[in-house]
Amino acid sequence: MNSKKQNRKEKLSKEIIGEVIRASSTEFETQCYDLYGFPPLGSLVLSDDENPIFGIVSHSVTESLDPSRTPRPRGPGLADVKSIYQESPQLKNLLNSRFTSITVGYIQSQTVVRKLSPVPPKILSITRISTESELIEFSSNFDFVARLLNSSFASSDDVLASFLSIAARLRPEPDQYLIDTGKEIASLLPGQMRRVNLILRNASI
Amino acid sequence: MNSDEKFEQLKQNVNAEDGWSGVIVGGSLSDGLEVRLSSESSIEGVKVGRLVTIEGKTHRFFGQVSDVILESSDRNLSIYSEEISEGIMAKVATGTAAYGKIKVQPKLSIKTSDTSSSPQSAKTVPPHFSKVAVSAHSDIELIFGKEAPGKFWIGSPLDMESKLCLDINEFTKRSNGVFGKSGTGKTFLTRLLLAGILQSGKAVNLVFDMHSEYGWQGYSETENHQVKGLKQLFPSKVAIFSLDEEHSKRRGLTPDYVVRIGYKEIEPEDVEILRESLSLSPQAADAAHSLYRHYGKNWLLEFLNTSGTESFNSLASQINVNQGALSTLHRRLSGFSRYEFMDTTSVHDSVNQILRYLDRGINVVLEFGKYGRDTDAYILVANLLTRRIYERYAEHKERALSGIGDEPTPLVITIEEAHKYLTPELANQTIFGTIAREMRKYNVTILIVDQRPSQIDEEVMSQLGTKLVCLLDNNKDVDSVLSGVSGQRKLRSVLSSLDSRQQALVFGHALPMPVEIRVRDYGTPESYKSLGFTDPTNKKDLSQINQDKSDLFG
């Protein structure tokens, strides 16, 4: 397959899910176009500007658009959540879903750089889920592991495990991928083999 | 080739099942360097004693693995070892949190920019993170030299196929020793050394062959078959002398000369060195000197012919010796009469015969036949002949020093069971003690083959240039062999881990560093061929000879 055709096909499959609404050097927050439209924890996303920046989804939240009007329970007796949304279509406009991604790299002259971006993404840049090939290329080098482990997120180990689980599944030998990454994690966390074990256990489920 | 490429070449066998490599992470020159093995290395592939090459910044170092250690970066690893010992976690932990470390003792170094010179002993250590790998064949050649005239292939470093060579020139400059328990391959090793000396032409051998195993037809205990002796391999360069003609003939050998010793040739010193084995008191041994003064050269025969109490009494009073001591001496010395090689009539020519052969560069093996079982006979003959040969060599050498004639060809005298006559009490009196101490002053050195080095005089042991040690497990013997050697503690562990066959630890002047070797094969047709022997009965060789004949003469 020639590369132009492949590029077109990949572009079509690029799934735009929202726009950046808050950005810093180490993380950026995206508001989803659709309620509950956020990608799974640990997914690799890109704020696809002229300088695309890679992030790993580390925290997602859905809440009222107006902080002063918080949702109230409708129950008891209403077990079917789906019917509530059908009966009250306005909910989609009153609530919103957002997710935060830890910045783990960027693309410069078509090369993946696994470092913090020199500048954060611009507000209202679109955010999309990475393609499989982007994910495979990005995860083929383990420099991102240190970024994740050093982030200020309390649950960064779980985020890392989720990311590894997604990345490993795309490979012909998932276990080998986990072993190779595991060695990198073990060397970054000397004397903490139990923690390393937990990450890998979560990643291999 | 730059050093990185060189190192890549070195690491070629890391991919093999038992391959390994590592980097220096600490250590010292005195205690050895600590090397962390790379995660893909197999710790079971590392063996103590293995030769390794360390690529420093400006120098390449050569050393030996002295210890293998299992390390862990996590102090609590043992607590949750069960949790992580299975599945992918075990693979993750291996080489990261749980890793192999080895200790390497640096021995030699050479400038990377000048590998044409020979390596010097290491006076410093390579820096952190220098790469370490098993020495390549080219390194072994760089350290020990290539097989060439004067460089004799003695064996291979353990677990390697490279040929490890001994510098025969250096070897023959000093007295040397081959030690090991009985049945560990001393004789095979000695046979090889003799062949090496013989091939090099740097020296001639005189072998006092106690058990008739060097000259003609030896016996391999492991393979249960006959092995060729030196005379069979190098017929034109070896002469066999025999003390027991019948024994030699029974083995299908006609000796070149049958040695006879005249009573007149025995001197009081020869009795002195037998003092212990004949259980003579110092007074009785001294009496021999008095008898010599009294009777002159023919003292022994005259003395042995004395009989009757009266004659004894008068002799005792004449030479002023205690009569009891004199009769003890008489009783013990009369044992000599059962030696068939002793001759009452005249002074024999054995010494001159041996010297004539040696002068022509022909090696002499003296077979003792049945007298090999009699230590007294062995000591008496070996000491007597050696003393005279040594005197002649000393004269020869002194003449050469004053400008008359050439220097004598260096002579290596091989002796066995040395612990019986090189004891601290006797070493000063035997000629062997003198030779060992005076080294090559007169171009004569000894090669001691023995199983109890601890019984040999310390001074003699300390003068040995090169020692080849097969398995020894008596602590005293190990101490005595290793005394005065640097890194004794580590060599001790190497020595005790030797196999009981065909393995030896070699150290001293003829080698730049101590090394554990698998001794070269001896006894197979291939081994004879590699020593330069062509079998005249071999049809292939015969047809080659015929072909050559017709090519030459038509």
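The values are calculated or read from the model by the stated rules, or taken from the named source; none is laboratory data. A quick note: this is a predicted structure, and the numbers were derived from the prediction, not measured. Every residue, glycine as well, gets a Cβ built from its backbone with ideal geometry; the counts of neighbours run over all protein chains shown.
Here are the numbers for this structure:
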quantity	calculated
Qualifying residue in the stretch A:103-122 (condition: in contact with a helix residue (DSSP H, G or I) (Cβ under 6 Å, 6 or more places away or on another chain), within 23 Å of residue A:180 (Cα to Cα) and crowded, with 22+ Cβ neighbours inside 10 Å)	yes
Helices (runs of 4 or more DSSP H) completely within the stretch B:187-295 that count 1 or more residues being within 23 Å of residue B:373 (Cα to Cα)	B:230-233, B:245-250, B:268-273
Any hit, the stretch A:163-181, residues being within 7 Å of another protein chain (Cβ to nearest Cβ) and either on the phi > 0 side of the Ramachandran plot or not β-branched (Val, Ile, Thr) (or both)	yes
Filter result (part of a helix (DSSP H, G or I), more than 50 Å from the chain's Cα centre (by Cα) and either within 7 Å of another protein chain (Cβ to nearest Cβ) or of a type in the set (Asp, Glu) (or both)) within the stretch B:76-93	B:82, B:83, B:84, B:88, B:89
Residues being within 14 Å of another protein chain (Cβ to nearest Cβ) and either within 13 Å of the chain's Cα centre (by Cα) or surrounded by fewer than 21 Cβ atoms within 10 Å (Cβ to Cβ) (or both) - total across the stretch A:126-159	1
Residues located in the stretch B:325-354, provided they are in contact with a Lys or Arg (Cβ under 6 Å, 6 or more places away or on another chain) and of a type in the set (A, V, I, L, M, F, W, C)	B:341, B:347, B:351
Output for the stretch A:49-66, where each listed residue is at pLDDT 90 or above, of a type outside the set (Gly, Ala, Ser) and either farther than 25 Å from residue A:156 by Cβ or surrounded by fewer than 19 Cβ atoms within 10 Å (Cβ to Cβ) (or both)	A:59, A:61, A:62, A:63
Matching residues in the stretch A:117-155 - criterion: being among the polar types (S, T, N, Q) and at pLDDT 90 or above	A:117, A:125, A:127, A:130, A:131, A:133, A:139, A:140, A:141
Count of the stretch B:94-140 residues which are farther than 26 Å from residue B:491 by Cα, within 14 Å of chain A (Cβ to nearest Cβ) and touching a residue at least 40 places away in the same chain (Cβ under 8 Å)	3
Which listed residue is modelled with pLDDT of 85 or more, outside any helix (DSSP H, G or I) and either in the same structural domain as residue B:409 (by TED's automatic domain parsing) or of a type in the set (A, V, I, L, M) (or both), from B:461, B:513	B:513
Filtered residue count, the stretch B:456-480, keeping only those that are out of contact with any strand residue (DSSP E or B) (no Cβ under 9 Å at 6 or more places or on another chain) and either surrounded by fewer than 18 Cβ atoms within 10 Å (Cβ to Cβ) or touching a residue at least 60 places away in the same chain (Cβ under 8 Å) (or both)	9
Test: residue in the stretch A:194-202 that is under 14 Å from the mean Cα position of the chain (by Cα), surrounded by 15 or more Cβ atoms within 10 Å (Cβ to Cβ), more than 10 Å from chain B (Cβ to nearest Cβ) and at pLDDT 90 or above	no
Hey, residue B:204 more than 23 Å from residue B:499 (Cα to Cα), modelled with pLDDT of 85 or more and assigned by TED's automatic domain parsing to the domain that holds residue B:458 or not	yes
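Per-residue answers, yes or no, for (1) part of a loop (DSSP other than H, G, I, E, B); (2) under 19 Å from residue A:37 (Cα atoms):
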position	(1), (2)
A:67	yes, no
A:72	yes, no
A:92	no, yes
A:96	no, yes
A:105	no, no
